[in-house]
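Asker: Below you'll find the structure I mean.
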Amino acid sequence: MRFLLLFLIKIYWMLKAKNQEPRCIFRISCSRHVYQMAKTEGLFKGLKAFAYRYQNCRDGYQVIINPVTDQNYMILPNGDQLQQHEIAKKFQSHLLNKTEF
């Protein structure tokens, strides 16, 4: 079953438009993360990673900019916190310019 999940992700990568800008808020894309988890940890960890990413890679996150420590992070819809090094690069310029999205 793990191989079926890995195969489906590879098909997704082949069918996904190459020029389409990623919409994922995570630095490592959701499909890449799920692929790595399924490959190294097994099917159930891969499915668990997919469920987590699917629930949290949506609207509803908040960007927090701490002016005192100059540390930036995101709070996900489930309450988890992403540090700046875990956030997708497309959001980094927004964080560095201290603009809200």
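The values are calculated or read from the model by the stated rules, or taken from the named source; none is laboratory data. Because the structure is predicted, anything quoted here is derived from the model rather than measured. Quick reminder, even Gly has a Cβ in these numbers, built from the backbone with ideal geometry, and neighbours come from all protein chains shown. Only protein heavy atoms, including side chains, enter the accessible area calculation; ligands, DNA and RNA are left aside. Shrake-Rupley method; radii C 1.70, N 1.55, O 1.52, S 1.80 Å.
Asker: Given an 8 Å cut-off on Cα distances and at least 6 residues of separation, report the relative contact order of the chain as a percent.
Answerer: 23 percent
Asker: Could you give the size of the charge dipole of the chain about its Cα centre, using +1 on the Cβ of each K and R and -1 on the Cβ of each D and E, expressed in debye and rounded to the nearest 20?
Answerer: 560 debye
Asker: Could I ask something else about it? Could you provide, to the nearest whole Å², the per residue accessible area of the chain with probe 1.4 Å?
Answerer: Averaged over the residues of the chain, the accessible area is 73 Å².
Asker: In a Gaussian network model over the chain where Cα atoms closer than 10 Å are linked, find which of Asp70, Asp59, Asp80 has the largest mean-square fluctuation.
Answerer: Asp70
Asker: Over the chain, with a Gaussian network built from C-alpha contacts below 10 Å, which listed residue (Ala88, Ala49, Ala17) shows the highest mean-square fluctuation?
Answerer: Maximum among the listed residues: Ala17.
Asker: Helix 43-56 versus the longest principal axis of the chain: what angle, 0 to 90°, nearest 10, using Cα atoms?
Answerer: That works out to roughly 40 degrees.
Asker: Using only C-alpha positions, report the orientation-averaged shadow area of the convex hull of the chain, nm², one decimal.
Answerer: If I average the Cα hull's projected area over directions, I get 7.2 nm².
Asker: Counting only protein heavy atoms and using a 1.4 Å probe, what share of the accessible area of the chain belongs to carbon plus sulfur, as a whole percent?
Answerer: 57 percent
Asker: Would you list Glu86, Glu41 from the most to the least accessible area, probe 1.4 Å?
Answerer: Result of the area sort, largest leading: Glu41, Glu86.
Asker: Now, a different point. Using the charge dipole of the chain (Lys, Arg: +1 at Cβ; Asp, Glu: -1 at Cβ; taken about the Cα centre), state which of Ile25, Gln71, Met37 has its Cα farthest towards the positive end.
Answerer: After comparing all options, I get Met37.
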